[in-house]
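In what follows, a single structure is set out as structure tokens and then discussed.
Please treat every number below as a calculation from the coordinates, not as lab data. These numbers were taken from a predicted model, which means no experiment stands behind them. Every residue, glycine as well, gets a Cβ built from its backbone with ideal geometry; the counts of neighbours run over all protein chains shown.
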Amino acid sequence: MKIFFKNYGLLMGLIAILIGIFAIGGIYSRYVTNQHAVLVAEAELSRLEAEQEAARVASYLALFAQGTKVEKYTSETVDKTYNLSGDRGEFSPSIIDSYHIYNGDVEIGVVYVVSSKGHEDGLNIAFAIDIATDTCIGVVVIANAETQTIYSTLTDTWFTQFENFQFDTLSIEIDAVAEATESSKGFEIGLLYAREVYAVEYGFEIPTTNITIVSMTYNYNPDTFANAVFIADVIHGEDNTAVSVYLSRTYDYVGIVGDGVTLTIDEQTVLKTIASASGLVSNKSWFVSYNVDTRVLVMNAKGFKSTPIVVTITLNATLDGIEGIPVITSSETYDENEYGDYAGGPAPEVEYNLINQYLDDGNIVVDGVADATITSNAMKQLIYLLDNFISTLTGDE
Amino acid sequence: MIIHKAKGIWIDGKKTMSKTLPMHEYLNPPFVYIPLLQQASPLKRIVEIGDKVAIGQTVALREGFGAMPIHASVSGTVTAIKKVWHASGRMVEAIEIQNDFQNRMDESIHVQTDVSLLSRNDLVIKMQQAGLSGLGGAGFPTYIKYQAKCPIDVVIINAVECEPYLTCDYMLINSYPEKLLKGLSYFMRAADAKKGVVAFKAYNTHIKESLEPLLLNYPGIELYEVKDIYPAGWEKYIVQKITKKSYSGLPAEAGAIVDNSATAIVFADVVEKNIPLISRVITISGEGIKNPQNFYVPLGTLVKELILLAGGYIEGLDPTKAWYIAGGPMTGRAILIDDLIVNDTLGSVIVKPMPEELKHPACLGCGKCADLCPVYLTPTEIQRAFESKDTKAIKELNAQKCMQCGLCSYVCPSHIEIADYVARAKELLRKGA
Amino acid sequence: MARFANGKAPFLRKTDDLTYGTQVIMRDFLIGLIPLILFAWYKNGIKVYVEGNATLLEMFYPIIFIMLGGLISMVIEGLFFIITDKEVRTLKVMMKKLQLSYAMIPGILLAMILPLYTPIWVLIFGCIMATFVTKLLFGGFGYNIFNPALIGYVAIAFTLMGVINKAGGVLNGSEVLIDAIAGATPLSTLSTTNLLSYQTLVAPYGSLWNFFIGTIPGALAETSALACIISFVWLSARKVIKWFVPVIYIGTVFGLSWLIGIFNGQAGIWFPTFSILSGGLMFGAVFMATEPVTTPKNPLGKIVFALFLGVFTVLFRFIGQYPEGVATSIIFMNIFTMPIDKWTSVIRTQGVTKKTIIKIIILAILIIAIATYALIKANSIYSASIGLPLYIGGWN
């Protein structure tokens, strides 16, 4: 053994060193290489992010004709809550990024990237605001998680409304695209929120009016109900004058009921917004005309189709019921998406079904027809109005 | 210039070693041995055993090229013809003369009264008669140089002595500065040259101090300082520096004659007193000698006696681990037996313990040998050609131009005997040719 | 009568002084590598670590890698000695033998010219090629024909570069983390774009100052011209290398590149400066072109060798598959070391005579022809040429 080591000890020692280097050095170099790969990946990611950020910043700058320089900053926090469209609750937008835009050393604009919500969270929109004119001069959509088939109905033309959008307007309203109301609303919330932040940071005064709705009812007066569908009791003006006003089916101001202090144009505009958002009344059904001599009442109900359902009803001589069977003209087809499982006959079967339920027992609580919800809802409202109208005529309330 | 850059390097001269003691005159050794060899020529003996000889008596003749007589250096009796170790590294036949301590002079030795009347030719004949040869180490008969056909502008006295350890020329000049200048002026007359130059190494300020005041009496003689580098004492180097001319064969081509300083001093005696070349100064030095010093001795003296006079070898010297060098350490020859005699070319004997034997790596190829070679040889290439016995290549590489200064071996960082390879290549070339 | 030792003149040797000799030369050579190693460590380890882009273990990788190169070479050589030499049986004898053959140098040099993150086993392979194949099989120290480190490098480059790339071997540790030009060395940019433009060649790496300092992509330790110059001064002062070899080599490349620049309408000084500061030219010129064993020994030979290196480097940069011409040209010229040495020795000792003039003319024609070819080649790549006479342009 000793001799063996004497002869081969050195040889084996050297080989052991070589193997040692191979093994330990190998582990070491592998560690370093892996470590390096991680770093490279991280660096690649942050590089990509920086690249995108640079592209975004460039696109912001491009919105300002005079812009030469962009500077990122942290904006003030503003808490504000908005109603989402379609009764989906409330939402508080937030600012993700904010940038000052300079022309040389002169600040000319500001960009807020607002995280809003359309159909989904994560609708991030950059609003470019010109300081001199208090105008939104354009938007850049940073990210959205909307259903793309729907989102794509927001056309370039639609987006042009954000160009030179005066903040100095009383109530901001974005034209909703019928197929993409939720996304449209998201944009509107974003714009409103951007204006709020802008107001805080730049001392801009958001125009306001003092008008609140006390209550809202339907107008059952046959003389006026064709144009003035609703009557709203409001308090307005600096001295909180109470007054009742007529509103059209689209909540436009029609006129004042009786005497009182008329509403200013601004108040009328705001009233339209808050009335439509109040949810106190429904405009799915309305009166068209009533002939006192022939006792023929014509009503409309808005179903799925844009052409409303027309219901012609003849009241009986005592004006406490209906004489004969109402005549219903309907262009509903029940074959839209929501009617996929509807198994009944063609229109106006649903309409007759509902009104006959009412006529049978005079109860306004009627059962909707399964899988024809929109048409049913419209008809329910019509029945509710009709019942109230008859009650008004007979005077028993 | 990079290719032909200033050659030579500084080497520690170790000269103070033999300078501290004064020159020792040892004129009467019991025996002298006159070797029957001058340069590479065998001599013809003209005395027999039992003959009485006087100082300066002719005992042998060199014949053929460079014919001249060789003289007895002491008075006494020829007692034997014997082989002795010679500076050439071989055993050579020599005439043994037993000194009778009477210092009888041959009649040819007499004071020359009409020195100024001697013609150029007379002086050259005197050189030949005196058996004058170069004492620097080559032993070339001096008169041959003065028979050259070329016009001579300048006679140069080589007092550079660039071999380390050697101080024999230095000591001699310091003892006889006047004689040096006299000898030089006679040389100038013999060469019909207008100018004489004494070349010495820069650090030798003593030579300058002792010669400068005397120069007034010797018009046409100048001093010339050369750098303290090896091989600054090389004939060709000095001639190039002084005449700014180059030559390929003899210095005469450049209009110059170069003589050793010791030769000049002897020549002064030759001209004025008709004393032939019978003595010289020899340096006994080296780390192996107890009291290194210079000796003024008759030619043929045994070096052994001188070493004893110099205190002998240092204690504990192991001869098998020491060199006994005839001549300077750069160009000299290792003598195996310390039984050497002094001859005309032997300027020194150095006894030097060998440095520790180290293992040295192979040739690294640094090229320092080629860099320093004074004749621009590439020793490594010559070595390669020698190893393949390629005489054509050796010739192309100019190996024959090597003057064996030894610098290539000196600088070799891998301790390769590169100078020896070149010397053997030279030998091969001579044999092959 | 005493018998003395025999010996050969001269009896004085410079090596008697222990501060002189091959071992001292090699020691000085290793000292000369220190600035480069330190810079390599700074650039690939310390700097990256300080910037927070590497862990502590990673920081030490460059220096450990270089040291390992030397160690591996020593081990390989030791194994070779044990197998071939019966006397080598103890560590002491082996170490003595290794000391005389300077085993660690090829390994260290090889590690210095490899990319960072080269796996260790690739380094072992390179060291075997360098030490065993290139050095020991040729007879060991002093007998090798090719530069061991460069052969190791070329062997790796031809066979295992893919492995290095796959393992994340990049040419500059810190550079890759900064921006997108990861791995692309300036000269590979040149060979892919074929555009002599300051914007594409120099600007992505900062300025020429970065080239001088060495913070550009490249192998582990070869990028810093500054460190090379410091080493150059040290090695020249210690007479380890001949100062004129790097100067002539770099000067030739500079001059030829200048001409190429002028012919391509880039009259500026930046292109030749860029050329000498990139591709490890400085490193090759100071440490490889002066490597004594594999280059001519006489000074004239060294000059001719350096001139050839210069023209070949420019040529290979424009025709080679690998953009860096330095390694290729040095290895290529190693083949011709012996004939060059022989010819130039004759020319040097004989001077310009009838016998040597033909050799001088042949050498001169060769150098000029290659230089011209390199110019034409470069010219045909950059079609925007305006300077070369038409008849030369005609035959490419």
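So the values come out like this:
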read-out: C-alpha long axis of helix A:373-394 to longest principal axis of chain A, angle in °; value: 30 degrees
read-out: No Cys partner within the rule (Cβ under 4.7 Å), the protein assembly as shown; value: A:Cys136, B:Cys150, B:Cys162, B:Cys168, B:Cys363, B:Cys366, B:Cys373, B:Cys402, B:Cys405, B:Cys412, C:Cys127, C:Cys228
read-out: Flagged links, alpha-carbon separation over 25 Å, of B:Lys321/B:Lys359; B:Lys208/B:Lys244; B:Lys359/C:Lys14; B:Lys44/B:Lys126; B:Lys195/B:Lys245; B:Lys395/C:Lys135; value: B:Lys395/C:Lys135
read-out: Spherically averaged projected area of chain B from its Cα convex hull (nm²); value: 21.3 nm²
read-out: Neighbourhood net charge (12 Å Cβ-Cβ; Lys/Arg +1, Asp/Glu -1) for B:Pro355; value: -1
read-out: Lys/Arg +1, Asp/Glu -1 at C-beta; segment A:285-394 dipole; positive extreme among A:Gly345, A:Thr312, A:Ser376; value: A:Thr312
read-out: DSSP H segments from chain B that extend 15 Å or more along their own axis, Cα-based, with Kyte-Doolittle mean of -0.5 or above; value: B:177-191, B:261-273, B:418-432
read-out: FRET E, pair A:Ile3, C:Lys96, Förster distance 35 Å, beta-carbon r, rounded to 0.05; value: 0.90
read-out: Cβ-based charge dipole, the protein assembly as shown, positive-most Cα from B:Val78, A:Thr209, A:Leu48; value: B:Val78
read-out: Only Lys, Arg (+1) and Asp, Glu (-1) charged, at Cβ; the protein assembly as shown dipole about Cα centre in debye; value: 14840 debye
read-out: Nonlocal amide H pairs with B:Gly286, under 5 Å, H built at 1.01 Å; value: B:Val351
read-out: Of all DSSP beta bridges in the protein assembly as shown, antiparallel share, percent nearest 5; value: 80 percent
read-out: Farthest positive-ward along segment A:69-202 dipole, Cα basis, beta-carbon charges - from A:Tyr73, A:Val139, A:Asn164; value: A:Tyr73
read-out: Segments A:361-367, A:239-245 sorted - mean Cβ within 10 Å per residue, highest first; value: A:239-245, A:361-367
read-out: Cα-projected label distance for A:Leu48 with B:Met354, points at 7 Å along beta-carbon direction, nm; value: 7.6 nm
read-out: Stokes-Einstein D (µm²/s) once Rh is taken as the Kirkwood radius of segment B:182-322 over alpha-carbon pairs, at 37 °C in 0.692 mPa s; value: 185 µm²/s
read-out: Cβ crowding within 10 Å averaged over residues, with C:357-363, B:347-353, B:98-104 ranked highest first; value: B:347-353, B:98-104, C:357-363
read-out: Table column - 3J(HN,Hα) (Hz), segment A:196-210, Karplus curve with 6.51, -1.76, 1.60, x for Gly and Pro; value: 4, 5, 4, 4, 5, 7, 10, x, 7, 9, 6, x, 9, 9, 9
read-out: Nearest-ten-degree value, helix A:349-361 long axis tilted from longest Cα axis of chain A; value: 50 degrees
read-out: Net charge of neighbours whose Cβ lies under 15 Å from the Cβ of B:Ala60, counting Lys and Arg as +1 and Asp and Glu as -1; value: -3
read-out: Gyration tensor (alpha-carbon) shape descriptor, segment A:100-259, a/c threshold 1.5; value: oblate
read-out: Value of relative contact order over segment A:285-394, rounded to a whole percent, pairs C-alpha under 8 Å and six or more apart; value: 24 percent
read-out: 10 Å Cβ neighbours from other chains, averaged over peptide C:50-56; value: 2
read-out: Contact order relative to length of chain B, as percent, for alpha carbon pairs under 8 angstrom and 6 or more apart; value: 19 percent
read-out: Where labels lie 7 Å past Cα in the beta-carbon direction, separation of A:Thr217 and C:Arg89 in nm; value: 12.5 nm
read-out: Debye-sum result for the protein assembly as shown in log10 I(q)/I(0), which assumes one identical scatterer on each alpha carbon, at q = 0.04, 0.06 Å⁻¹; value: -0.48, -0.74
read-out: Burial ranking of peptide ranges B:168-179, B:303-314, A:311-322 (average Cβ count within 10 Å, highest at the top); value: B:168-179, B:303-314, A:311-322
read-out: Translational diffusion coefficient (Stokes-Einstein; Kirkwood radius from C-alpha pairs) of chain A at 25 °C, 0.890 mPa s, in µm²/s; value: 92 µm²/s
read-out: Computed over segment B:368-432: relative contact order in percent, which uses C-alpha pairs under 8 Å that are six or more apart; value: 39 percent
read-out: Given charges at beta-carbon only (K, R positive; D, E negative), |dipole| of chain B in Debye; value: 1140 debye
read-out: Inter-probe distance in nm under a simple model that places probes 7 Å from Cα toward Cβ, at B:Lys401 and C:Ile31; value: 3.6 nm
